[in-house]
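Shown next, in structure tokens, is the structure this report addresses.
Values quoted throughout were computed directly from the atomic coordinates according to the rules given, and no laboratory measurement underlies them. Since this is a predicted model, take the numbers as computed values, not measurements. Backbone-built Cβ (ideal geometry, glycine too); neighbour counts: all protein chains shown.
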Amino acid sequence: MSLVPYSLARQFLFQMDAEAAHDLTMAGLALSQKTPLKLAYCQSRVDDPIELAGLTFPNRVGMAAGLDKNARCIDGLAAMGFGFIEVGTVTPLAQPGNPKPRMFRLPEAGAIINRLGFNNQGLDAFIANVQQSSMRATPNNPVLLGLNIGKNAATPIENATDDYLKCLQGVYPHADYIVVNISSPNTKNLRSLQSDEALDALLGAIAEKREELAQTFGKSKPIFVKIAPDLDDTQVGLIAQTLRKHGMDGVIATNTTLSREAVKHLQHGNEAGGLSGAPVLESSNRVISQLRAALGSKFPIIGVGGIMSAEDAVSKIKAGADVVQIYTGLIYRGPQLVHEAAQALQKLRK
């Protein structure tokens, strides 16, 4: 287990502005990840392999996208015991994101609201950071890396496909799997890409580009699509059909929610942006169950949203997910949650 109890670090970090604390944490990870200082958060990785989308995941607990948008901390996150790390969302060009303040903790609800807006350093810097990761340079390292792609805020929605294809081409040789993020609520009109015709056109273009890249690099990389929890039964069904139609390899359910029902009475509860953490668990699990019913037993589903305990991780698997990801739970619980969740899922299979 890690040498420094996270409760001590959290006490200090939670006295700071949420985004300032995030930036400080990521800077610390980036600086320490290739030094003995990583022992402060390093943990053994639970061995619980699973085959999914042609890949071997060393265990069923992953780091969700959004924490490490610029792929600076891959090695530090891997040291926490995750079976897979997802970084991004990256856009073709660097962009600052939305105006600050844009991240708010709601500790009474175990939640965070953010409206960051794909703030990142752009595709070239992102790829350079991936290439500098020791994990990627180590032969036979079992931890998988997912690269999450999106569109620039300034790109008109009718030209969104161009941005996704640029990112897909750039990240393709460096990823174990690629994620098409069409579900962030913080880029104007982005969620409209989940509608039937728009999704059909986007995934058709991505499938065609993937075929071209597979020929170039001699390998077809799995592509997952990340969707929102704020979908009704009909929308989930249409998305499931479109995923199958275009040969997508899996789906990530879900991103943050726009619902404020659980937090509207709390300080910051009505801030604009996506709500993550404990309040998303139920809606995320509902979408996972609907996807599993629509897609059948073999289609890969990554479950994310509201995992704050080992029991929450188990609930995702019981809802129909194959593997899970955490984000807000890591901020509230620290690296210990990774180990606890991975152990619980390991026991579930015995």
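With the structure loaded, tell me whether Asn114 is surrounded by fewer than 24 Cβ atoms within 10 Å (Cβ to Cβ) and within 20 Å of Lys226 (Cα to Cα) or whether it fails that test.
no
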Discussion item. Regarding the stretch 261-278, can at least one residue be identified that is out of contact with any strand residue (DSSP E or B) (no Cβ under 7 Å at 6 or more places or on another chain), among the acidic types (Asp, Glu), in a loop (DSSP other than H, G, I, E, B) and over 22 Å from Leu13 (Cβ atoms)?
Written reply: yes
Apart from one, (1) closer than 19 Å to Leu231 by Cα; (2) within 19 Å of the chain's Cα centre (by Cα) all hold for Leu145; the odd one out is (1)
Could you tell me whether any residue of the stretch 60-81 is surrounded by fewer than 20 Cβ atoms within 10 Å (Cβ to Cβ), touching a His at 6+ places or on another chain (Cβ under 9 Å) and closer than 28 Å to Gly303 by Cα? no
Expected output for the stretch 322-350 (first residue at negative phi, partner of a type in the set (Lys, Arg) and surrounded by fewer than 19 Cβ atoms within 10 Å (Cβ to Cβ), Cβ below 8 Å, 6+ apart or cross-chain) is Tyr332/Arg10
Scanning the stretch 19-37 for residues that are surrounded by fewer than 19 Cβ atoms within 10 Å (Cβ to Cβ) and in contact (Cβ under 8 Å) with a residue 40 or more places away in the chain, the one nearest to Asn129 (Cα to Cα) turns out to be Ala30
Going through the stretch 221-255 in order, the residues found to be part of a loop (DSSP other than H, G, I, E, B) and touching a Phe, Trp or Tyr at 6+ places or on another chain (Cβ under 9 Å) are Lys221, Pro222, Met248, Asp249
In the stretch 280-319, anything touching a residue at least 40 places away in the same chain (Cβ under 8 Å), assigned to a helix (DSSP H, G or I) and of a type in the set (Gly, Ala, Ser) is listed as Ser283, Ser284, Ala294, Ala313
